[in-house]
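Chemist: Here you go, one structure.
Since every read-out is calculated from the coordinates, none of them should be taken as a lab result. Predicted, not measured: the structure shown is a model, and the values here were computed from it. Reconstructed Cβ throughout: ideal geometry from the backbone, glycine too, with neighbour counts over all protein chains shown.
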């Protein structure tokens, strides 16, 4: 796609990147069939190809209107279009550039700006989010319908058992974990389950106290400099643990093997720190190293397959010919399209003895998409309804996923238990431990 960038952008890093991306687009239209919003609305301006045309016009200096902003706002940034694009168009990066420019030129109404500002101030701050959520749940009966429905409920998870603690740091092999913003409050067992599984595999999971939000919330709400500041803070927090500094001390002195992501929405962002901070001379090199070390938890477990299979293969007491539990797996867009990790968690679950049901249109977004479910509720709910229908069609007993946003969103549309797949694997291994002990007792 030939472009003639306007003077205001052509010599900037953003302009140069956008032009390179635009030149790769050949107008083929493969992206239309995979775009959730195009499927719902049938308007090409609500498709990747249509939005690319809009962004091209903006970059070439054409007038920018609220209609332009609306079509860009409706994009989920699910990046399904990138998966099918034969030309390798990096649409996700292009739409971030386009949105940032449009935000500056068009602005927002006071009300819309206030909502976005509130989201940026609450979601990335774990303490603030936890306090507000507790208050919101207490006041739920008094709130108006829309606000009441926006507060996550504690439901659709397995019945609570005894409180399970995180194992102590005891192995030479160590990995860092990003705790996340909302996950510690909404689903604290995810990281605890990850730590227990890695402990069984001979790896201790540690955390950097000063690490926080990955930066995705602010960055994708067009407060891009604010998002980059969150990223810099994490680079600073993690760097001593990487073991590349002479004065690194404590747990970081040995150097962690990886930085583990249990939320794919965070993982896809941290894996791009190197790209996003490449023009910052103080952070470019370190950010690139952080991105290299960043792994989704499915990549970590897959690399330890031999040890995992050994744990799963321990002899048990005779349990008869019980049917395999049926799971429906929802692969988050950030996992399958953003990080391009496909089939890994599913393979692990099958190895653990689960039967995965067929999910039609598994490539489509559930409608969560970060803050999209709050800012575009009607489209989000339509996508959720379609996704839940597809997930439930195979009559599973549970639904597994790999991202906290998807987990909470899907819970809102189904009566089935919805959990992170790592929690389900942890439960399986703990059940295996219990039955192994019972089997040994029977032998005696």
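Chemist: For segment 1-79 and segment 86-137, what is the separation of their C-alpha centers, rounded to whole Å?
Modeler: Value for the Cα centre distance between the two parts: 19 Å.
Chemist: Taking one equal scatterer on every alpha-carbon of segment 335-391, how large is log10 of I(q)/I(0) by Debye at q = 0.14, 0.21, 0.26, 0.28 1/Å?
Modeler: -0.49, -0.90, -1.06, -1.10
Chemist: In nm², what is the average projected area of the convex hull enclosing the Cα atoms of segment 1-54?
Modeler: It is 4.0 nm².
Chemist: Helix-only estimate, please: 222 nm mean residue ellipticity of the chain, summing -39500 (n - 2.57) across DSSP H runs of length 4 or more and dividing by its residues, to the nearest 500.
Modeler: Mean residue ellipticity, 222 nm, calculated: -15000 deg cm²/dmol.
Chemist: Label-point separation (nm) for residue 118 and residue 30, each offset 7 Å from Cα along Cα-to-Cβ?
Modeler: Placing both labels 7 Å beyond Cα along the Cβ direction yields 4.3 nm.
Chemist: Moving on to the next point. For the chain, what percent of Cα pairs sit more than 43 Å apart?
Modeler: Considering the chain, 15 percent of its Cα-Cα pairs are separated by more than 43 Å.
Chemist: Under 8 Å for C-alpha pairs, at least 6 residues apart: give me the relative contact order for the chain, rounded to a whole percent.
Modeler: After rounding, I find 14 percent.
Chemist: Now, a different point. Normalised by the residues of segment 333-406, what does the relative contact order come to in percent, with Cα pairs under 8 Å and at least six apart?
Modeler: 31
Chemist: Arrange 354, 129 by Cβ neighbour counts within 10 Å, fewest through most, would you?
Modeler: 129, 354
Chemist: Taking the beta-carbon count within 10 Å as an exposure proxy, list 85, 75 from fewest neighbours to most.
Modeler: Arranged by neighbour count, lowest to highest, 85, 75 become 85, 75.
Chemist: Order of 238, 421 from fewest to most other C-beta atoms within 10 Å?
Modeler: Fewest to most other Cβ atoms nearby, the residues stand as 238, 421.
Chemist: On to the next question. Assuming a viscosity of 1.002 mPa s and a temperature of 20 °C, what translational diffusion coefficient in µm² per second does Stokes-Einstein assign to segment 308-443, Rh being the Kirkwood radius over Cα pairs?
Modeler: So the translational diffusion coefficient is about 133 µm²/s.
Chemist: Enter the per residue convex hull volume of segment 7-107, computed from alpha-carbon coordinates, in Å³ rounded to the nearest integer.
Modeler: It is 86 Å³ per residue.
Chemist: Compute a Gaussian network model of the chain, connecting alpha carbons closer than 10 Å, and tell me which residue from 222, 125, 403 fluctuates the most.
Modeler: Taking springs between Cα atoms under 10 Å, the residue moving most is 125.
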